[in-house]
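Since the structure comes first, as structure tokens, the remarks are kept for the end.
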Amino acid sequence: MAKKNKFLGCYRRVLIFLLVVVTIILVPSGYIYQRSGGGSGLRYWMAGHTINVVEGHFLNNHPDSLSVDQIRNQFDLIREASSQREIDLKQLYQILDSYQRRFQNTRPSIDQANQFMRDLGLTVFSDESIR
């Protein structure tokens, strides 16, 4: 009988420990998920971080014909549109993915960089497309 009680006491301690660990993991995760806006908010949050990474790479590898201010202004516009959810995420991901695949190890030419900047601008919903 003493062995059985000792065994049940062990189970009780393990279950309490697992409950505490699961609570420590789930409560902050649920809070972050809710604060980010749920599933769609997470997509926009990830898009923002991807924009930051691509911007850093593009700033390090941009042609001399494009100024740093011009590049930063374009990415700020994209970042702002993303935070306001006025951007076509699917098209944005396609453009960013294409840029990363094509220019991971090479520097874009002037024409390619200008085309990339134009394509980025087209992902933002304009007032006419909303109406």
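For Ile32 and Ile110, what is the calculated FRET efficiency with R₀ set at 41 Å and r taken between the beta-carbons, to the nearest 0.05?
The formula returns an efficiency of 0.45 here.
How many nm is it between the label spots at His49 and Leu89, if each spot is 7 Å from the Cα in line with the beta carbon?
1.4 nm
Pairs of Cα atoms under 8 Å, at least six residues apart: use those to get the relative contact order of the chain, whole percent.
After rounding, I find 26 percent.
Angle, helix 38-61 long axis vs. longest principal axis of the chain, Cα atoms, 0 to 90°, nearest 10?
50 degrees
Enumerate the amide H contacts of Ile87 below 5 Å, restricted to partners 5 or more residues apart or on another chain; note that Pro and chain-start residues carry no placed amide H.
The answer is Phe125.
So, R0 is 41 Å and r is the distance between the beta-carbons of Ile25 and Ser67; what FRET efficiency does that work out to, to 0.05?
That pair, Ile25 with Ser67, gives E of 0.35.
Each value in this text was obtained by applying a stated rule to the coordinates, not by laboratory testing. What you see is a predicted model; the values in this text were computed from it and never measured. Every residue, glycine among them, receives a Cβ derived from its backbone with ideal geometry; neighbour counts consider all protein chains shown.
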